[in-house]
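**Q** Following this message is one structure expressed as structure tokens.
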Amino acid sequence: MTCLPGHTQKKLGLAIDLDTCVGCHACVTACKGWNDQGYGAPLSDQDAYGAQPSGTFLNRVHSYQVQPDEGFAQIINFPRSCLHCEDAPCVTVCPTGASYKREEDGIVLVNESDCIGCGLCAWACPYGAREMDADAGVMKKCTLCVDRIYNENLPEEDREPACVRTCPTGARHFGDFADPDSKVSQLAAKRGFDLMPDMGTRPVNKYLAPRPKDKRSEASLLAPLLDIEAKGFAGWLDRVLGKI
Amino acid sequence: MHPAPSVIIFSVLSGLGFGFMVFLALGFLPVAGGAAFWIWGVGYALAVGGLIAATAHLGNPQRALKAFSQWRSSWLSREGWAAVLALFVMAPIALGDWLGFGVPFVWRGLAAALALVTVFCTAMIYAQIKAVPRWHHWLTPVMFMTFSLAGGALLALQAVLAFVLLLGLAVVMLVLFYVGDRQFARAGQSMETATGLGRIGKVAVFEQPHTGENYLLREMIFVVGRKHGQKLRMIAVLCAAVLPALMAAVGGAGLLLAAVFVHLVGAFAARWLFFAQAEHVVGLYYGKR
């Protein structure tokens, strides 16, 4: 049923630290790798080795240059994927009931055997989180690796989304935002923010704001060396050259 | 937004078909006997043909029947129900006109109302989408319904009504162009709000996330052909509304039928622009609109 649950017991999601992300795209690759081989239709590629390659991805890493009013510009790497919104507009527009938000943990999923591939959910999402697979004709989106996080066949440390597990800098954190004591809730409380809050989607995923850069000292690093008086031969040379 | 031909054909033809059937159901064009069969056939062909065209853009059309299940939340599902109900409720009226038995006026009114509800639901599929600010306006359903009724009146040879409705259509189109051009700014979304990085400063794209094409760029960040936007707008308003209105003012069945074709040219141009000029906020992530 594509009506949204009034309340979810858990709010599983990601906290993505824009301060720590180095833009290596390892999460993109890990996501594509995992979601190619288990849950639902594989993420297909078209013309993969040709002139115009194109493919389905559930996670994309943008890089932005941000220019503050004063000082130098900053480069910020920005992973973009499904935010598992509490008021997910992609769910309510679905005519077949293929799109749904789980009452137990808040994950937004697509039941591919019900999806007719009309694309309306992708239109409804302000964040571009959904991509229609050109091969299977069904809508693909982040599943929060629902086939990993509850999977008792995996060692416990692997029971988190592939992107989180693979991130080499620890920029991605997975947890329950409904629990105020969880790691992700604590992180979000300090630096978390929502993307396009005015769209009224109430995203579960939070982005952690980059910390302020250290201020560059105005004094030269060579300052202690600049006052040295030249002595001996160098001093004589200094005086002679100064007089010419 | 990508102007998919199937969706343009669907919304234009179905809109015209349902508009035509409103006038047929209410008895504006008295038809009887064999002629009634063919005239109602035109209405059904337009409405049903459009609906079939719409299934062409589906990834898995074999499951299209499942789209009837979510009428509680989905305008697309409601549209499916409204269309099927309208076509069923129209059937006894069409048969009555053909075989010569009467249908109560309440039933005729219900059929006309259902046809209009269908067009309203079609429009709401677009108008509900907040992420496309140009569409997210109450004038969008007004525009769809005016198109439907104006085209329907022409096809039903109602010169006076068509003249008035076509002038109304011209006004609605022009106002919607004006309002629509300002909708994205009104929505207040920018690269700064999309990324949340406005707290630091002005945001610009440093590097795109991928060098190739993807679904988002093809489907929602369609920028081809905006160059001729202004000319196409003039063609749309002239052909869809102004010229047919003048032809309706002159009158005569032949001229009214010719006006339908002129109107259709304008309607296709207008509907193409409706998609091609609509900008999705996801473009902001790519520094495009």
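**Q** Average partner chain C-beta neighbours within 10 Å, per residue of A:126-133?
**A** Neighbouring Cβ atoms belonging to other protein chains average 6 per residue here.
**Q** Follow-up. Label the stretch A:12-208 by shape, choosing from rounded, prolate and oblate, from the square roots a ≥ b ≥ c of the eigenvalues of the Cα gyration tensor; if a/c is under 1.5 it is rounded, and otherwise prolate applies when a/b is larger than b/c, oblate when it is not.
**A** rounded
**Q** Translational D (Stokes-Einstein, µm²/s) of the protein assembly as shown at 25 °C and 0.890 mPa s when Rh comes from the Kirkwood sum over C-alpha pairs?
**A** 94 µm²/s
**Q** Taking just the alpha-carbon atoms of the stretch A:108-244, what radius of gyration and Dmax come out, in angstrom?
**A** According to the Cα coordinates of the stretch A:108-244, Rg and Dmax are 28.6, 91 Å.
**Q** Which of the listed residues, A:LEU195, A:VAL110, A:PRO53, is farthest toward the dipole's positive end in chain A, when Lys, Arg count +1 and Asp, Glu count -1 at the beta-carbon?
**A** The Cα lying farthest towards the positive end belongs to A:LEU195.
**Q** Just from the alpha-carbon atoms, what are the Rg and Dmax of the stretch B:15-117 in angstroms?
**A** Radius of gyration, then largest Cα-Cα span, for the stretch B:15-117: 14.6, 44 Å.
**Q** Note the per residue figure in Å³ for the convex hull of the C-alpha positions in the stretch B:157-289. Could you put the intermediate results ahead of the total?
**A** Working: hull volume 15.4 nm³, N = 133.
Enclosed volume per residue, from the Cα hull, is 116 Å³.
**Q** In addition: Starting at 0 and stepping by 5 Å, how many percent of the alpha carbon pairs of the stretch A:36-105 end up in each bin?
**A** Using 5 Å bins, I get a P(r) of 3, 10, 11, 15, 17, 15, 11, 9, 6, 2, 0 for the stretch A:36-105.
**Q** Could you work out the per residue convex hull volume over the alpha carbons of the stretch B:1-56, in cubic angstrom?
**A** Dividing the Cα hull volume of the stretch B:1-56 by its residue count gives 64 Å³.
**Q** Does anyone have the angle between helix A:232-243 and the longest principal axis of chain A? Alpha-carbon axes, 0 to 90°, nearest 10?
**A** Approximately 90 degrees, to the nearest 10.
**Q** Go ahead and estimate [θ] at 222 nm for chain B from helices alone: -39,500 (n - 2.57) per DSSP H run with n ≥ 4, summed, over the residue count, rounded to 500. Could you put the intermediate results ahead of the total?
**A** Details: 11 runs with 189 residues, N = 289.
After summing the helix terms and dividing by residue count, I get -22000 deg cm²/dmol.
**Q** Report, in deg cm²/dmol and to the nearest 500, the calculated mean residue ellipticity at 222 nm for chain A, where each DSSP H run with n ≥ 4 adds -39500 (n - 2.57) and the sum is divided by the residue count.
**A** Value at 222 nm, helices only, nearest 500: -5000 deg cm²/dmol.
**Q** Going by average Cβ density within 10 Å per residue, which order do the peptides A:149-155, B:150-156 take, highest to lowest?
**A** Order by mean packing, descending: B:150-156, A:149-155.
**Q** Further, regarding this structure: Taking all protein chains together and a probe of 1.4 Å, list A:ILE244, B:ILE8 from the most accessible to the least accessible.
**A** A:ILE244, B:ILE8
**Q** Antiparallel DSSP bridges in the protein assembly as shown: what percent, to the nearest 5?
**A** Values: 27 of 31 bridges.
Expressed as a percentage, antiparallel bridges in the protein assembly as shown total about 85.
**Q** Something else about it: For a 24 Å ceiling on Cα separation, which of these pairs sit above it: A:LYS32/B:LYS66; A:LYS11/B:LYS66; A:LYS141/A:LYS190; A:LYS140/A:LYS206?
**A** Working: A:LYS32/B:LYS66 29 Å; A:LYS11/B:LYS66 29 Å; A:LYS141/A:LYS190 28 Å; A:LYS140/A:LYS206 21 Å.
In this structure, A:LYS32/B:LYS66; A:LYS11/B:LYS66; A:LYS141/A:LYS190 exceed 24 Å between Cα atoms.
**Q** Per-residue mean of other chain beta-carbon atoms within 10 angstrom of the beta-carbon, peptide A:194-200?
**A** What the average comes to for A:194-200 is 5.
**Q** Under a point-charge model restricted to the Cβ atoms of Lys and Arg (+1) and Asp and Glu (-1), what is the dipole moment magnitude of chain B relative to its Cα centre, in debye to the nearest 20?
**A** On the way: 19 positive and 8 negative charges, 134 e Å.
Its charge dipole is roughly 640 debye.
**Q** Dividing the Cα convex hull volume of chain B by residue count, how many Å³ per residue is that?
**A** That works out to 139 Å³ per residue.
**Q** Treating only the Cβ atoms of Lys and Arg (+1) and Asp and Glu (-1) as charged, compute the dipole magnitude of chain A about its Cα centre; round to the nearest 20 debye. Don't skip to the answer; put the middle values down first.
**A** Working: 26 positive and 33 negative charges, 156 e Å.
The dipole magnitude comes to about 740 debye.
**Q** In chain B, if the dipole is taken from +1 on Lys/Arg beta carbons and -1 on Asp/Glu beta carbons about the Cα centre, which of B:LEU174, B:LEU256, B:GLY151 is farthest to the positive end?
**A** Farthest towards the positive pole: B:LEU174.
**Q** How long are the semi-axes of the equivalent ellipsoid of the stretch B:123-183, taking √(5λ) for every eigenvalue λ of the Cα gyration tensor, in whole Å from largest down?
**A** Value: 25, 12, 5 Å, ordered largest first.
**Q** Quick one: dipole size for the protein assembly as shown, taken about the Cα centre, charges +1 on Lys/Arg Cβ and -1 on Asp/Glu Cβ, in debye to the nearest 20.
**A** 1200 debye
The values are calculated or read from the model by the stated rules, or taken from the named source; none is laboratory data. Computed from a prediction, not measured in an experiment: that's the story for all the values here. Neighbour counts are summed over all protein chains in view; Cβ atoms, including those assigned to glycine, are modelled from backbone coordinates with ideal geometry. Areas reflect the complete protein model, heavy atoms only, side chains present, ligands, DNA and RNA absent. Shrake-Rupley method; radii C 1.70, N 1.55, O 1.52, S 1.80 Å.
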